[in-house]
Amino acid sequence: MGDWAATRRVWEKWAANSVSSSGAPLKGALLLNYDPSGPSRLLPIIAEQEGTIFKAIDMQPFLDYIKRNNLQMEIFSIGRSQYMVTSIHEHWFCGHCINTSNPGGEGVIIMQIGAYLLVALYEGSLGSASEAMVAVDQFEWQLNKRSR
């Protein structure tokens, strides 16, 4: 997936346009080190984050959920938010927040890109989910383009 410096440049450019700025489709995003075939000592677990304030320990229950690979049968948590999986695809899945106080709803898209998990948080429902997916696809495309 290329070197870390290149990944970080792609992240910074993408996050500036896609996360927490005026009109951005995402309220937060995290890039997590995640390579199930690699050594478990990859640290930090959170490689980058924007619009969120999580520590590595906050993400451990989520990573345990991913490792169990029982996506449709369990509810997962990211921070205080609990999510139910609504759609599963080859290398990504999405979930709807079931304990939100936001009347418009909240959701998350999780995509595995090489040795990373991109966690993209958004507010709203169908239209917002579509915009969030476009943003996630753009990050994947830029990162894959950079690594070729």
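The values are calculated or read from the model by the stated rules, or taken from the named source; none is laboratory data. None of these values were measured; they are calculated from a predicted model. For neighbour counting, all protein chains shown are included, and Cβ atoms are generated from backbone atoms with ideal geometry for every residue, glycine included. The area values use the complete protein model at the heavy-atom level, side chains included, leaving out ligands, DNA and RNA. Shrake-Rupley method; radii C 1.70, N 1.55, O 1.52, S 1.80 Å.
Take the residues of region 43-79 that are in contact with a helix residue (DSSP H, G or I) (Cβ under 8 Å, 6 or more places away or on another chain) and of a type in the set (D, E, K, R): which is farthest from Val19 (Cα to Cα)? In this case the residue turns out to be Glu74. Return yes when His96 is surrounded by 12 or more Cβ atoms within 10 Å (Cβ to Cβ) and more than 21 Å from Trp11 (Cα to Cα) and no when it is not. Taking the combined requirement at face value, the residue satisfies it. Within region 7-39, the residues that satisfy the criterion of being in a loop (DSSP other than H, G, I, E, B) and polar (S, T, N, Q) are Ser20, Ser21, Ser22, Ser37. Scanning region 61-104 for residues that are in contact with a His (Cβ under 7 Å, 6 or more places away or on another chain) and either under 21 Å from Leu32 (Cα atoms) or not polar (S, T, N, Q) (or both) turns up Tyr83, Met84.
With a requirement of 2 or more residues that are touching a residue at least 12 places away in the same chain (Cβ under 8 Å), within 11 Å of the chain's Cα centre (by Cα) and at negative phi, the strands (runs of 3 or more DSSP E) lying completely within region 41-142 that satisfy it span 46-50, 92-97, 106-113, 116-123.
Against the numbered list (1) open to solvent by 40 Å² or more (accessible area, probe 1.4 Å); (2) under 23 Å from Asp35 (Cβ atoms), Met111 comes up short only at (1).
Taking the numbered list (1) open to solvent by 40 Å² or more (accessible area, probe 1.4 Å); (2) in contact with a Leu (Cβ under 9 Å, 6 or more places away or on another chain) in turn, Arg68 passes all entries but (2). For region 122-147, a residue qualifies if it is of a type outside the set (Gly, Ala, Ser), open to solvent by less than 10 Å² (accessible area, probe 1.4 Å) and either over 21 Å from Ile45 (Cβ atoms) or at pLDDT 95 or above (or both), and the qualifying residues are Val136, Phe139.
A count restricted to region 1-34 and to residues that are surrounded by 13 or more Cβ atoms within 10 Å (Cβ to Cβ), within 16 Å of Asn144 (Cβ to Cβ) and modelled with pLDDT under 85 stands at 2.
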